[in-house]
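The values are calculated or read from the model by the stated rules, or taken from the named source; none is laboratory data. What you see is a predicted model, and the numbers here were worked out from it, not measured in a lab. Note that each Cβ is placed from the backbone with ideal geometry, even for glycine, and that neighbours are counted across all protein chains shown.
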Ligand code: ATP
């Protein structure tokens, strides 16, 4: 005979969630910080860890070292205790594939569920990433709106149709591989544009944290002939 207990709906315990926000952060700008803060405001996340890549597989290697990009991240998030620098990729001399990093982060934070955060431009490229399916096995995705990237590619549209999450509370469930489209205010800001401005101007560009600007001045970064001024391919 089936017991009454086995007929009751299974309640799975909710998990604490860590957001992982990967990027080149070359340099970090207010678009990144606002995006991370919006995620914290709208989703039940304990913290967001900003993870600068060491050797980005999808773009030219930045001229500014990974250590310097990480130091700028640290300066930009200093006033936000729930934003934390994640150094995992800096510790390893390998192409910074998110699929590998997320598997390692799962081991580093075994009690937490992971949510991987990205902008819409990155999401539109997602199915070209190395082992992207493995990312969905490790984490849910949180996709932030970004100006000039409101159109979904056909691949990302298909992925969203299959996996879209509509209730942020589901982030705390054990299941991974769902995709949340965040309804965040747009921040018209890109690191490419900042690098161009920094290469040709002595005044602080809009969108750069003051402490980051001071760091850039102190270390003479992004000057005209510096390779870091190169535009993304
Ligand atoms: P670049 O111009 O060099 O490509 P970027 O400004 O896109 O740089 P990245 O470090 O490459 O900055 O981005 C890290 C992550 O932040 C990506 O997922 C990207 O989509 C997201 N992102 C960057 N800028 C914004 C923004 N203004 N609004 C929302 N998301 C953003």
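Considering 25, 21, the condition of being assigned to a strand (DSSP E or B), touching a strand residue (DSSP E or B) at 6+ places or on another chain (Cβ under 7 Å) and either modelled with pLDDT under 95 or within 12 Å of the ligand (Cβ to nearest atom) (or both) is satisfied by 21 alone. Of the residues examined, residue 81 is one that is out of contact with any helix residue (DSSP H, G or I) (no Cβ under 8 Å at 6 or more places or on another chain), assigned to a loop (DSSP other than H, G, I, E, B) and surrounded by fewer than 17 Cβ atoms within 10 Å (Cβ to Cβ).
Quick grid of which residues meet (1) exposed (fewer than 15 other Cβ atoms within 10 Å of the Cβ); (2) without any contact (Cβ under 8 Å) to a residue 24 or more places away in the chain:
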| residue | (1), (2) |
| --- | --- |
| 141 | no, no |
| 178 | no, no |
| 190 | no, no |
| 197 | no, yes |
| 201 | yes, yes |
| 206 | yes, yes |
| 219 | yes, no |
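Taken together, 136, 114, 152 contain a single residue that is closer than 14 Å to residue 181 by Cα and either crowded, with 20+ Cβ neighbours inside 10 Å or out of contact with any strand residue (DSSP E or B) (no Cβ under 8 Å at 6 or more places or on another chain) (or both), which is 152. What about residue 162, is it out of contact with any helix residue (DSSP H, G or I) (no Cβ under 6 Å at 6 or more places or on another chain), within 24 Å of residue 12 (Cβ to Cβ) and away from the ligand (no atom under 16 Å from the Cβ)? When the stated conditions are applied, residue 162 passes them. Taking the conditions (1) farther than 23 Å from residue 115 by Cβ; (2) more than 16 Å from the ligand (Cβ to nearest atom); (3) modelled with pLDDT of 95 or more in turn, residue 194 satisfies each one other than (2). The single condition from (1) under 22 Å from residue 48 (Cβ atoms); (2) crowded, with 16+ Cβ neighbours inside 10 Å; (3) more than 18 Å from the chain's Cα centre (by Cα) that residue 163 fails is (2). Considering (1) surrounded by fewer than 19 Cβ atoms within 10 Å (Cβ to Cβ); (2) out of contact with any strand residue (DSSP E or B) (no Cβ under 6 Å at 6 or more places or on another chain), the lone condition that residue 101 does not fulfil carries the number (1). Screening 91, 71, 46, 79 for residues that are within 16 Å of the chain's Cα centre (by Cα), on the phi < 0 side of the Ramachandran plot and away from the ligand (no atom under 12 Å from the Cβ) leaves exactly one candidate, 46.
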